[in-house]
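Inspection log for the structure reproduced underneath, given as structure tokens.
The values are calculated or read from the model by the stated rules, or taken from the named source; none is laboratory data. On a predicted model such as this, the values are computed, not experimentally measured, just so you know. Note: ideal-geometry Cβ built from the backbone for every residue, glycine included; neighbour counts use all protein chains shown.
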Amino acid sequence: MSAHTDHDHDSAQHAHDHHDDDHGHDDSGASHSTLSGYVTGFILAVFLTAVPFWLVMGKVFESNSTTALVLMAFAAVQIVVHMIYFLHMNTRSEGGWSFMALMFTLLIVGIALAGSLWVMYHMNANMMPMSIHDMKNMP
């Protein structure tokens, strides 16, 4: 009986040692938060906020459209930083379903945004020009 108990203890110790080798990941693949991860995310978020603020306030670019495109690029990078460092999203968490749901959401938002812009552009281009004088004569 003593040998059986020692074997059970060794198995439990081995399982405990194996769990310690995960280095910040649980069984579902989600990463655990660490102080260094949060600090890295915070520094990146501050940088990705301060630089666009400086670009706008310093009027670095001549064109407003260039400034807007650069701001959108910084915003997209900041979204990714928040998802990785603060929401702990990766392809391994929850068996990849959270990442798949994110990709599906981005696809639907992209289709809705592109379709809305397409409809608005064509409605504006195809509307009959009407002056105020013509509007006064309408029934």
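Points worth noting:
- Filtering PHE53, PHE104, PHE74, PHE61 for residues that are part of a loop (DSSP other than H, G, I, E, B) and at pLDDT 90 or above leaves a single hit, PHE61.
- Any chance SER28 is under 24 Å from LEU102 (Cβ atoms), touching an Asp or Glu at 6+ places or on another chain (Cβ under 7 Å) and at pLDDT below 85: yes
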